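The values are calculated or read from the model by the stated rules, or taken from the named source; none is laboratory data. These figures come from a predicted structure and were not determined experimentally. Here Cβ is always computed from backbone atoms with ideal geometry, including for glycine, and neighbour counts include all displayed protein chains.
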Amino acid sequence: MTAPADVASAGASPSPWIRRWSHLLPAGCSVLDVACGSGRHVQWFAERGHAVWGVDRNISGAQHLSQCATLVQADLEAGGWPLMEGSAYRKFGAVVVTNYLWRALLPAIGRSLEPGGVLLYETFARGNEVMGRPSRAEFLLESGELLRSFAGLHIVAYENGVLAQPARCVQRLAGIFAPGTAGDPAHAPLHALSLE
């Protein structure tokens, strides 16, 4: 079951978290937007010269982007991971996930990153149940869950806390898949912090 959409995602603006860390993506890399909804991040990355794939159970909201992206209609929760090449996972230079959590897919998301690939993930966390929807535990990350789920990535940024307008508890991660560099941290360029 898909979590209800965040009020802030109703418009076409990309998430400030996604905008902030987009500079980590290799130039022109392929991007996968998991549970792409209306396609706000599909459009953001397509406008920046990336080959973009969007996958969602209902792609009608993103259909206007079919000229600049590959849209895949698939029930991620009932049908399994739809982006396979034979028995191997299709690889992307970046995977983006916002306002969506289906824990069974977390390993597939990680396996879909090519070496040097970037994961940008932002969704609701425990504590949101007192602020509004979603409020059910299956849609809320436990403290540190993204860090544990993607422990093999070089973590560039991680946040777990409360955001305003609308008030919500979120967990956010920006990480790079750099195989063979455990213990030898990569140095990713940081941008000056701007408050939302």
(request) List every residue pair whose Cβ atoms sit under 9 Å apart, with the two residues 6 or more apart in sequence or on different chains, where the first one lies in the range 71-89 and is under 17 Å from residue 107 (Cβ atoms) and the second, anywhere, is assigned to a loop (DSSP other than H, G, I, E, B) and among the acidic types (Asp, Glu). (result) 82/75
(request) Sort out for me the strands (runs of 3 or more DSSP E) sitting completely within the range 21-135 that have 1 or more residues that are modelled with pLDDT under 90. (result) 113-124
(message) If I go through the range 58-97 residue by residue, how many of them are of a type in the set (Val, Ile, Thr), closer than 30 Å to residue 154 by Cα and surrounded by 19 or more Cβ atoms within 10 Å (Cβ to Cβ)?
(response) 3
(request) Only residues that are of a type outside the set (S, T, N, Q) and out of contact with any strand residue (DSSP E or B) (no Cβ under 9 Å at 6 or more places or on another chain): list them for the range 153-181, please. (result) 164, 166, 167
(message) Being of a type outside the set (S, T, N, Q) and under 16 Å from the mean Cα position of the chain (by Cα): is that true of residue 68 here?
(response) no
(request) Would you check which residues across the range 101-154 are of a type in the set (Gly, Ala, Ser), in contact (Cβ under 8 Å) with a residue 60 or more places away in the chain and surrounded by 17 or more Cβ atoms within 10 Å (Cβ to Cβ) and list them? (result) 110, 112, 117
(request) Kindly indicate the residue of the range 26-41 that is buried (at least 21 other Cβ atoms within 10 Å of the Cβ), of a type outside the set (Lys, Arg) and out of contact with any Phe, Trp or Tyr (no Cβ under 8 Å at 6 or more places or on another chain) and also nearest to residue 178 (Cα to Cα) among those meeting that condition. (result) 41
